[in-house]
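The values are calculated or read from the model by the stated rules, or taken from the named source; none is laboratory data. Given the structure is predicted, the values throughout are model-derived calculations rather than measurements. Neighbour counts run over all protein chains shown; Cβ positions are idealised from the backbone, glycine included. Note: accessible area is taken over every heavy atom of the protein model, side chains too, but ligands, DNA and RNA are not part of it. Shrake-Rupley method; radii C 1.70, N 1.55, O 1.52, S 1.80 Å.
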Amino acid sequence: MSVKILVIEDDQGLVDLLTNVLVSHHYVVEAVDDGPPGLELATSFTYDLILLDLGLPTLDGVSLCQRLRSAAVTVPILLMTVEDTPSAKVQALDAGADDYLVKPIDTEELLARVRALLRRGEVQQPPRLTWGPLCLDPATCEVTCGAQPLHLTAKEYELLELFLRHPQQIFSPDQLIEKLWSLETTPTHNAIRARIKALRDKLHGLGVTPIETVHGRGYRLAAWPGATTVAEMPVAVDAGLSAGLAVELAPIWERHRQEYFGHVALLEQAIVSINTQSYTQAMQQRSQRAAHTLRGTLGSFGLTFAGQLAGEIEALLKTVSPINQADFTKLINRVVQLKHVLQEVAPPATLTTQLLIVHADQAIGKALAAEATLWGLSAETVATLAEAQAILTQLRPNLVLLDFVSLEQLSQTTEMLARQGPPTVPIIALSDQVDLQTRVQLSKLGVVQLLQMPLSAAQIMTTVNQTLKQSLRYPVKLLVVDDDRTMLACLQHWLEPLGFELILLDYASDFWSTLEQTNPDIVILDIKMPDFSGIELCQAIRRDRTWQTLPVIFLSAYDDADTVQQVFAAGGDDLLHKPTSQPEVVTRLYNRLQRSHWCPNSNHEIGCLCI
């Protein structure tokens, strides 16, 4: 559906959640995190709906709403806030908002209100659309030709729906871009033509040719001798969405969970400040805003009780000057409860980042392991070097956190890690006191960080997280092309936390222009795709003087002898078979980088990993 929605919200986790829900229902979403850029976009471009947060940092939602209406922007505005009071609602509606949604956001209610506002704004979602034997059902997002289903990519579906909804209109490439793409993903005209061609090829394969070219002007729906777009049934309500959100939201929660734990840490700092009578006005404002953000967002992830706790904390923080002992005790209890609830949110089952902790003090080891889970890390804890050696026969960690006792012990640890082969596993050492000579020796043995104790578990894990992200020393840029969006999401989930920078494409027609624009270090390609195969793209790479040295690894579900022969005949360097795993992909990436002598800050040879 070619409906563009502008989201103005400063909580990035909630932005990701809203985008995930809206995009899954074929809305085009753009997002900004404050009022001034929202005002600029809303007055410069055409949107069908604006989702606006009330508590923005620079220009609040009410003021922004007033400015938009003063600028004659008539687009429907749905205001979002945690303030569920009659006066707040009156203020929002008087400012020009069309509707009001209270956080935490219930996704079914959000979609219902969005549909209602779009109907009110005359951006209606018509019923089932037909063109001869071709039928598109917006309620189920299914396309059929006669009794045969037609499998389309998301953008092919949106293109077809746009033409069916506007049978008489000619769309230029620029108009198609404006209606179906966000500013961050604007394609070239060549890419538009390639997508139209791919859609036509699929339709032609079923005996229909509904899209015609009007030379010099663009594209439109061709005439059909009979009914064109016909209304046959009412739009179905989006049922069952919430039931499927838990799995979909897990990666979003993992991506932003540390931000929310940062808000909790700020609340803990506020408690210390209150207790030591150093609670400044600035600290009060920061802590209140942290509680306010948690109150508005946690419930949207399904953490209703956590959101209620944050609301109580916010109310207590507003009355802490001076605070009585009973309220102060209640504040402490609520913050402790909130942290415990968030700690109990289980990480996704796909979590594979491994941390090996070697520490003689089991209490410290357990505390570090518990803190590691808050950062999305899976930790193994041992007390002795012998236990570590046993673990390393079964596990290849991403990082070793070692209580430094002696250079001999450290040397044995590095030898054990070296026997596992590349890539090098970073080591962080903990020590009470180390002289300069020992520091030099530690560096020679591969220690990347030496942390002077005592430090809190949170401080140590901050360094661990930073080291993991920088373990490549410089970000490796991956250009990934795969029409399987699940595979794209897996690679993103596996590789971005390790410091890889990913450029994701679900359509091969955009490959060459993106390759030239982004200058990646590695390219990831699928073998079987609707328009160009990975084999064909690899052959094109090999025949181009600029890119011909790219090493190529194919990752494919096909493992027959003919496919393997084609892979290496096309110039591939390696082949991974689907399904694969994070450790296997990461190891192959490191191996490819080492074999191609990848060196940051130089004219390094770049690699190509093909899926």
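Table for the structure above
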{"item": "Members of the range 79-120 found to be buried (at least 18 other Cβ atoms within 10 Å of the Cβ) and hydroxyl-bearing (S, T, Y), listed by number", "result": "T81, Y100, T107"}
{"item": "Residues that are open to solvent by less than 60 Å² (accessible area, probe 1.4 Å) and either at pLDDT below 85 or closer than 16 Å to K330 by Cβ (or both), drawn from the range 262-277", "result": "L267, A270, I271, S273, I274"}
{"item": "Subset of the range 11-52 [among the aliphatic types (A, V, I, L, M) and touching a Lys or Arg at 6+ places or on another chain (Cβ under 7 Å)]", "result": "V28, L39"}
{"item": "Residue list for the range 187-221, restricted to those being basic (K, R) and more than 33 Å from the chain's Cα centre (by Cα)", "result": "R217, R220"}
{"item": "Sole exception among (1) modelled with pLDDT of 80 or more; (2) within 29 Å of the chain's Cα centre (by Cα); (3) among the β-branched types (V, I, T) for T486, by number", "result": "(1)"}
{"item": "Strands (runs of 3 or more DSSP E) fully within the range 493-611 counting 3 or more residues that are at pLDDT below 75", "result": "608-610"}
{"item": "The listed residue being crowded, with 18+ Cβ neighbours inside 10 Å, closer than 18 Å to H25 by Cα and of a type in the set (A, V, I, L, M), out of L180, L176, L203", "result": "L180"}
{"item": "Some residue of the range 2-14 being touching a Phe, Trp or Tyr at 6+ places or on another chain (Cβ under 8 Å), open to solvent by less than 20 Å² (accessible area, probe 1.4 Å) and assigned to a helix (DSSP H, G or I)", "result": "yes"}
{"item": "Boolean, H256 is at pLDDT 80 or above and closer than 21 Å to G307 by Cβ", "result": "no"}
{"item": "Contacts under 7 angstrom Cβ, first residue in the range 96-108 being touching a residue at least 40 places away in the same chain (Cβ under 8 Å), partner of a type in the set (G, A, S) and crowded, with 20+ Cβ neighbours inside 10 Å, 6 or more apart", "result": "K103/G296; K103/G299; K103/S300; P104/G296; P104/G299; P104/S300; P104/G307; I105/S300"}
{"item": "Search result, residues across the range 25-78 that are open to solvent by 30 Å² or more (accessible area, probe 1.4 Å), among the acidic types (D, E) and either closer than 30 Å to C141 by Cα or touching a residue at least 24 places away in the same chain (Cβ under 8 Å) (or both)", "result": "D33, D48, D60"}
{"item": "Residue that is modelled with the lowest pLDDT [pool: residues in the range 294-333 that are hydroxyl-bearing (S, T, Y) and open to solvent by less than 20 Å² (accessible area, probe 1.4 Å)]", "result": "S300"}
{"item": "Those residues of the range 516-550 which are open to solvent by less than 20 Å² (accessible area, probe 1.4 Å) and within 22 Å of H151 (Cα to Cα), in sequence order", "result": "L525, D526, I527, G534"}
{"item": "Cβ-Cβ under 9 Å pairs, at least 6 apart or on other chains, the range 261-273 side among the aromatic types (F, W, Y), far side open to solvent by 20 Å² or more (accessible area, probe 1.4 Å)", "result": "F261/K339; F261/Q343; F261/W375; F261/A458"}
